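Asker: Here it is, the structure in full.
The values are calculated or read from the model by the stated rules, or taken from the named source; none is laboratory data. Remember, it's a predicted structure, so these values are computed and weren't measured experimentally. All Cβ positions, glycine included, derive from the backbone under ideal geometry; neighbour counts span all protein chains shown. Just so you know, the surface numbers come from the protein's heavy atoms only, side chains and all, with ligands and any DNA or RNA stripped out. Shrake-Rupley method; radii C 1.70, N 1.55, O 1.52, S 1.80 Å.
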Amino acid sequence: MIDDDENAPVLLSRVKGGPLEIDAATLLGRYTPSRWSPFWETTGKHLLREWILQTDITTMPTFLAVQQALSRQIFWAHELGLDLTPEVLLSERHINAFVATGLGSISNNTRKAYRTSLRRVARGTLRKVPQERKHPTWNHRGIAPPYTPDELAEIDAAVLLQTTRLRTRFFDSWVCFCVGAGVRNTELRFIARSDITEDDGMLLVHIRSPRERIVPLRREYADRVRALMAAHPEEPLAGPFRPDQRDPLLRPRSRLVIPDSVSKPDTERFRSTWLVRLLDDGFPLNRILEYGGQASYRFDSTIPYLDERKDMARADLRRAAGYDA
């Protein structure tokens, strides 16, 4: 839909093959999503406009359908704390995740229509269009499986197997900050010594915008992070990445030496491990959302991974009734 002249209006027809007479910008200006928030005014509507005007849509009904699908996915991604880039949101993985978990109780035909609309935007905005995969079932699990203590111990041991200091540094930082503080890939690349402060023996990690927050590092990783801070006082602790790298962690991840017997390291599984530990420790949900940099979370999807607390059943009854355990 983008014209050679960027200032030229993008025109749509009322029906396929009809005259081009409706200005897409006018439709965007009139559009108000069913769920409004300040985020929509500052960010959401601008992303919608930028991405939808890169598609090849020529009719108003199709434009309106894509507009609705894309705006809902943008809200969904914002609430989950995802990176608001087309490479993330319009990947096949996140299109399927949104269609499976972000639309509530709707028909399968409507889900298919949403998927088709979002794939159309992907074709217009991404240099490499995502490969279509098998559709997920609608009871899609909302959390990556956390690592068991044994799996984490094996991954920690694999940190020491790396063949270069830079790979060891990256791997150690990856584990410490993602398992110890629930950090995302896009946040890890910026963490430097100046972003970490000490308070009464605790290490507090300052995560930068857009999800700026202070996260306490779990104490089992504190000594390792202190060693990283001492060794690299002027650079990002995970590595000296260039600002222009789209995914600066991709290359060091791909070069790690991981024995076949060791579970594959994965950021989402690291973050799930951090989350489940906080829930098992009885942490308040509002603090978990604050530390995770998220507006909401499907906590029901964590239940299969939580400690059953069978030995605490009686104490839990008393606590729920307002008595001391």
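Asker: Just order 25-36, 222-233 by mean Cβ neighbour count inside 10 Å, highest at the front, would you?
Answerer: For the peptides 25-36, 222-233, the packing ranking is 222-233, 25-36.
Asker: Continuing with this model, one more query. Please give the peptides 108-114, 177-183 ranked by average Cβ packing (other Cβ atoms within 10 Å per residue), highest first, as a rough proxy for protection.
Answerer: In descending order of packing, they fall as 177-183, 108-114.
Asker: Per 10 Å bin, what percent of the C-alpha pairs of the stretch 176-244 does each bin hold, from zero upward?
Answerer: Cα pair-distance distribution for the stretch 176-244, in percent: 21, 60, 19, 1.
Asker: So how do Ser194, Ser13 rank on accessible area, 1.4 Å probe, biggest first, that is with the largest at the start?
Answerer: Heavy-atom accessible area, descending, gives Ser194, Ser13.
Asker: Next up: Say each of Met312 and His206 gets a label point 7 Å from the Cα, pointing the same way as Cα to Cβ; how far apart are those two points in nm?
Answerer: Using points 7 Å along Cα→Cβ, the separation is 3.4 nm.
Asker: Within a Cβ distance under 11 Å of Glu220, other residues only, what is the Lys/Arg minus Asp/Glu net charge?
Answerer: Net charge in that neighbourhood comes out at +2.
Asker: In addition: Normalising by the residue count of the chain, find the relative contact order in percent from Cα pairs under 8 Å and 6+ residues apart.
Answerer: 16 percent
Asker: What distance in nm separates the two pseudo spin-label positions at Ser107 and Ser301, each 7 Å out from Cα along the beta-carbon direction?
Answerer: Computed distance between label sites Ser107 and Ser301 equals 2.6 nm.
Asker: Still on this structure, please answer the following. So what is the calculated 222 nm ellipticity per residue for the chain, using -39500 (n - 2.57) for each DSSP H run with n of 4 or more, over all residues, to the nearest 500 deg cm²/dmol?
Answerer: -13500 deg cm²/dmol
Asker: Identify the residues of the stretch 252-281 with backbone N under 19 Å of a label point that sits 7 angstrom from the Cα of Thr163 along the Cα-to-Cβ direction, or state none.
Answerer: 252-262, 265
Asker: For P(r) over Cα pairs in 10 Å bins from 0, in percent, the listed values are (1) 6, 24, 29, 20, 12, 7, 2, 0; (2) 5, 21, 28, 23, 15, 6, 2, 0; (3) 5, 18, 20, 17, 14, 11, 8, 4, 2, 1, 0; which was obtained by calculation from the structure presented?
Answerer: After the calculation, the listed value that fits is (2).
Asker: Something else now. Kindly write out, for the stretch 162-174 in residue order, the coupling ³J(HN,Hα) from the Karplus curve 6.51 cos²θ - 1.76 cosθ + 1.60 (θ = phi - 60°), rounded to whole Hz, with x marking Gly and Pro.
Answerer: Values per residue, Gly and Pro as x: 5, 8, 9, 5, 5, 5, 4, 4, 4, 4, 4, 5, 4 Hz.
Asker: Determine ³J(HN,Hα), in whole Hz, for all residues of the stretch 71-79 in sequence, where each value follows from phi through the Karplus function 6.51 cos²θ - 1.76 cosθ + 1.60 and θ = phi - 60°; x replaces Gly and Pro.
Answerer: Going residue by residue, I get 5, 5, 5, 4, 4, 4, 5, 4, 5 Hz, with x marking Gly and Pro.
Asker: If you take every residue apart from Tyr31 with its C-beta less than 11 Å away from the C-beta of Tyr31, what net charge results, scoring Lys and Arg +1 and Asp and Glu -1?
Answerer: With Lys, Arg at +1 and Asp, Glu at -1, the net is +3.
Asker: Glu41 versus Asp324, label points 7 Å from Cα toward the beta carbon: distance in nm?
Answerer: 5.0 nm
Asker: Could you pull out every residue, at least 5 positions away or on a different chain, whose amide H is within less than 5 Å of the one on Leu203? Hs are placed 1.01 Å off N in the peptide plane, and Pro or chain starts have none.
Answerer: Hits under the 5 Å cutoff: Leu217.
Asker: How far, in nm, would the chain grow between Arg123 and Glu268 when pulled straight, counting 0.36 nm per residue and subtracting the alpha carbon separation?
Answerer: 49.6 nm
Asker: Mind checking which of Ala122, Leu80, His46 is farthest towards the positive end of the chain's charge dipole, using Cβ charges of +1 (Lys, Arg) and -1 (Asp, Glu) about the Cα centre?
Answerer: Comparing the listed Cα positions along the dipole, Ala122 ranks first.
Asker: Separate question: What percentage of the solvent-accessible surface of the stretch 1-123, computed with a 1.4 Å probe over protein heavy atoms, is contributed by carbon and sulfur atoms?
Answerer: Ligands and nucleic acids excluded, carbon and sulfur give 51 percent.
Asker: Quick query: amide H of Ala192 versus all other amide H atoms, modeled in the peptide plane; which residues come in under 5 Å with a sequence gap of 5 or more or a different chain?
Answerer: Sorted by chain and number, the residues that satisfy this are Leu237.
Asker: Please give the per residue accessible area of the chain, computed with a probe of 1.4 Å over protein heavy atoms only, in Å².
Answerer: Solvent-accessible surface per residue comes out at 57 Å².
Asker: Still on this model: Quote to one decimal, in nm, the extra length available between Leu20 and Asp83 on full extension: 0.36 nm per residue of separation minus the C-alpha distance between them.
Answerer: Using 0.36 nm per residue and subtracting the Cα-Cα distance, I get 19.2 nm.
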